Amino acid sequence: MKTFEELGLSEKVLKTIEGIGYEEPTRIQEEVIPVLLEGKDVIAQAQTGTGKTAAFGMPLIDLLKEEDGLQALILLPTRELAIQVAGEMRKFAKFKRLKEVAIYGGQPIDRQIRTLKMGVNIVVGTPGRILDHLNRRTLNLSKIKYVILDEADEMLDMGFIEDIESILKGVNEDRQTMLFSATMPAQIKAIAKKHMKSPVNISVMPKEVTVSTVKQYYLNVTEGNKLDTFTKILDASDIQSGLVFCRTKKSVDELVESLQALGYSVEGIHGDYNQTHRLNAISKFKDGVIDFLIATDVAARGLDIENISHVFNYHIPENAEAYVHRIGRTGRAGRTGVAITLVQPREFKLLKMIEQYTKSKMVPMAMPKIKDVYESRVNKFKKLITDTISEGKFGEYSVIVEQLAEENDVMEVCAAALKLVFEKEFKVGLNDLKEMKEEAHTNQSYRLFLNVGREHNVTKKDIIKLLTSVKGIAGNDIFDIDTFNGFTFVNVNEEAGRKLINTKLNVKINGKKVNIALAKNK
Ligand code: AMP
């Protein structure tokens with residue numbers, strides 16, 4: 001396995017990577033970066049979650065010249081992706097003066113025109129809106145040197161292929177083109193053949209691997225409710241200890257800090273810590289001095305700890321082999337272990353790919369309820385008290401109780417003492433916990449992509465009718481519907497989402513067979 005330094009990236013980008021906290025290149029980065037830096041066209045088959053944005057983003061930052069104006073065009077299927085990828089590019093360009101802009105439909109075009117006029121180096125946009133700018137002559141692609149087609153299969157599904165063809169016609173032929181796609185249907189291959197120059201084909205499909213006796217679960221989360229969900233899992237099922245994996249050094253540090261602040265006994269290990277710190281943390285974990293060890297893949301490599309009951313993928317790993325490596329730390333020596341993976345909607349395809357290559361299934365796990373957290377904490381607390389009672393030897397404490405009891409009710413003295421201890425132990429009051437709403441659980445939403453839209457004369461009513469015709473789906477499972485020309489996005493609740501993407505619809509609307517898929521909403 002190569003290091004970032006060995007891939008040929010500049011000092012500036014290496015410094016940025018260090019700041020972001022990536023420890024080593026992902027598989028796709030290892031393959032793609034050197035080829036792009038050599039100036040060759042690349043076709044890469046990779047899913048979201050494999051680190052593909054950085055695979056083209058980091059070399060692109062190195063290749064671009066600050067003074068040369070607009071040189072790079074990144075095309076992708078949705079507004080959310082455009083915003084996200086533009087944000088990543090800004091992050092990667094930390095030590096270079098490069099400007100980027102996200103250009104997508106739905107935002108006032110005047111604002112985009114103003115930004116373009118002020119001068120940018122990178123345009124990240126959706127094909128429809130880019131074409132719109134080209135037609136208005138508010139965007140000039142004649143000096144473009146790099147074109148990236150990201151999530152090409154999604155753009156195909158969303159009917160953007162003609163737009164892409166028109167856009168590419170307007171770009172200087174003397175350019176480098178990079179195409180990223182999770183799948184490679186014939187039409188994508190045809191585009192590549194027509195518009196790319198002897199591209200290098202790169203695919204990082206994992207080897208097939210097997211998993212042991214581990215019970216595997218996954219839970220759908222959003223970036224915003226990840227920490228909350230994670231702590232609820234720990235509390236509701238009273239999990240005593242486990243190994244937790246994060247993607248980056250920074251995310252290990254952040255999670256350690258948050259969990260410590262919430263009263264959990266955890267420590268973190270990653271490549272920036274020296275060997276002594278790492279060994280120390282590991283032995284504390286082995287001896288039960290700390291309950292949870294938070295680690296990056298690199299830091300956990302070669303770590304020899306038996307008997308881990310739970311492995312958590314706080315971040316889903318980038319490939320199936322890393323997954324197997326991580327979860328292989330539990331369920332050893334014939335014992336059953338549990339692996340729980342937190343997955344964001346956009347990472348769902350990666351989860352499916354991991355399942356395919358491990359030939360095993362991850363079972364969806366129910367979102368823990370506050371009611372269960374409450375019960376589990378109360379039981380734990382009661383046990384703490386009764387254990388202490390059996391130990392006896394109250395000495396001076398009894399004296400204080402006696403003194404307080406002269407002027408107070410004994411029940412009140414006990415309740416006050418419990419309140420103090422409980423709040424210190426769990427960082428939350430029992431009364432507050434009881435009153436907490438289960439709201440975090442209801443706003444879980446799945447964004448679905450339907451291949452029919454306004455041009456098929458589909459109305460929102462039709463979509464509701466269609467979805468509720470599926471057994472078990474009711475109107476109030478549907479949160480909102482966005483109808484576009486050739487497609488529609490629908491947000492539904494988690495359970496309905498899962499049901500719908502696993503349902504084969506045999507319905508046609510105005511002659512078009514309807515497909516439902518999970519949308520890539522970054
Ligand atoms: P992507 O496949 O581009 O959607 O990336 C998925 C996630 O992986 C993003 O959150 C990235 O920040 C993260 N990531 C990308 N490269 C690396 C790396 N080398 N090490 C750790 N995390 C990474």
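The values are calculated or read from the model by the stated rules, or taken from the named source; none is laboratory data. Small disclaimer: the values here were computed from a predicted structure and weren't measured. Cβ atoms come from the backbone with ideal geometry, glycine included; neighbour counts cover every protein chain shown. Only protein heavy atoms, including side chains, enter the accessible area calculation; ligands, DNA and RNA are left aside. Shrake-Rupley method; radii C 1.70, N 1.55, O 1.52, S 1.80 Å.
Out of every Cα-Cα pair in segment 214-364, what percent are more than 21 Å apart?
The calculated P(r) of segment 214-364 puts 39 percent of pairs beyond 21 Å.
Roughly speaking, to the nearest percent, how much of segment 134-279's 1.4 Å accessible area is carbon and sulfur?
That share works out to 48 percent.
Among residues other than residue 238 with Cβ under 12 Å from its Cβ, the summed charge is 0 (Lys and Arg +1, Asp and Glu -1).
Distance check, please: which entries in 215/249; 226/371; 2/215; 352/504 exceed 21 angstrom between their Cα atoms? Mind dumping the intermediate values first?
Details: 215/249 27 Å; 226/371 19 Å; 2/215 32 Å; 352/504 17 Å.
Going by Cα-Cα distance, 215/249; 2/215 fall outside the 21 Å limit.
Along segment 347-360 the Karplus relation, 6.51 cos²θ - 1.76 cosθ + 1.60 evaluated at θ = phi - 60°, assigns HN-Hα couplings of 9, 4, 5, 5, 4, 4, 5, 4, 4, 5, 7, 9, 6, 9 Hz to successive residues, with x for each Gly and Pro. Against the empirical curve 2.2 N^0.38 Å, the C-alpha radius of gyration of segment 371-432 lands at a ratio of 1.24. For the peptides 307-320, 248-261, the ranking by packing is 307-320, 248-261, with the highest mean count of neighbouring Cβ atoms within 10 Å listed first.
Would you mind checking 99/145; 232/393; 471/508; 12/207 for any pair whose Cα atoms are more than 27 angstrom apart? From the list (99/145; 232/393; 471/508; 12/207), the Cα-Cα distance tops 27 Å for 232/393; 12/207. Pairs from the table (189/465; 380/499; 40/349) lying more than 31 angstrom apart at Cα are 189/465; 380/499.
When the surface is traced with a 1.4 Å probe over the full set of protein chains, residue 143 keeps roughly 140 Å² accessible. Per residue, the average separation of C-alpha pairs within less than 8 Å and at least 6 apart gives segment 190-330 a relative contact order of 31 percent.
For segment 214-364, with every protein chain kept in place, what is the accessible area per residue (1.4 Å probe, Å²)? Display every interim value, and only then the final one.
Details: 5850 Å² over 151 residues.
With all protein chains present, segment 214-364 gives 39 Å² per residue.
So if I take the centroid of the Cα atoms in segment 135-150 and the same for segment 274-348, what is the distance between those two points in Å? Cα centroid of segment 135-150 versus Cα centroid of segment 274-348: 45 Å apart. The string of couplings for segment 19-28 from the Karplus curve (6.51, -1.76, 1.60, θ = phi - 60°) is x, 5, x, 6, 8, 8, x, 6, 4, 5 Hz, one whole number per residue in order, with x for Gly and Pro. What the pair-distance distribution of segment 143-286 shows, using all Cα-Cα distances binned every 10 Å from zero, is 8, 25, 19, 19, 19, 9, 0 percent.
As a test of understanding, state the convex hull volume per residue of segment 1-49 from its alpha carbons, in Å³.
On the way: hull volume 4.1 nm³, N = 49.
Roughly 84 Å³ of hull volume per residue.
Normalised by residue count, the chain yields a Cα convex hull volume of 195 Å³ per residue. Rg over Rh of segment 438-518, using C-alpha atoms and the Kirkwood radius, what does it come to? My calculation of the ratio gives 0.96. Taking all protein chains as they are arranged and a probe of 1.4 Å, the heavy atoms of residue 203 leave approximately 70 Å² accessible to solvent.
Taking segment 245-314 on its own, what percent of its Cα-Cα pair distances exceed 13 Å? Mind showing how you got there, number by number?
Numbers: 1501 of 2415 pairs.
That tail contains 62 percent of the Cα-Cα pairs.
For segment 5-203, the solvent-accessible area with a 1.4 angstrom probe is 42 square angstrom per residue.
Derived scalar couplings between HN and Hα for segment 123-136 equal 10, 10, x, 8, x, x, 6, 4, 4, 4, 5, 5, 5, 7 Hz in order, rounded to whole Hz, by the Karplus curve 6.51 cos²θ - 1.76 cosθ + 1.60 (θ = phi - 60°), x for Gly and Pro. Quarter the surface of the alpha carbon convex hull of segment 5-203 and you get the mean projected area, 10.1 square nanometres.
Based on every Cα atom in segment 1-85, Rg and the maximum pairwise Cα distance Dmax equal 13.0, 36 Å. Helical runs assigned H by DSSP (4 residues or longer) give the chain a calculated mean residue ellipticity at 222 nm of -13000 deg cm²/dmol, each run adding -39500 (n - 2.57) before division by the residue total.
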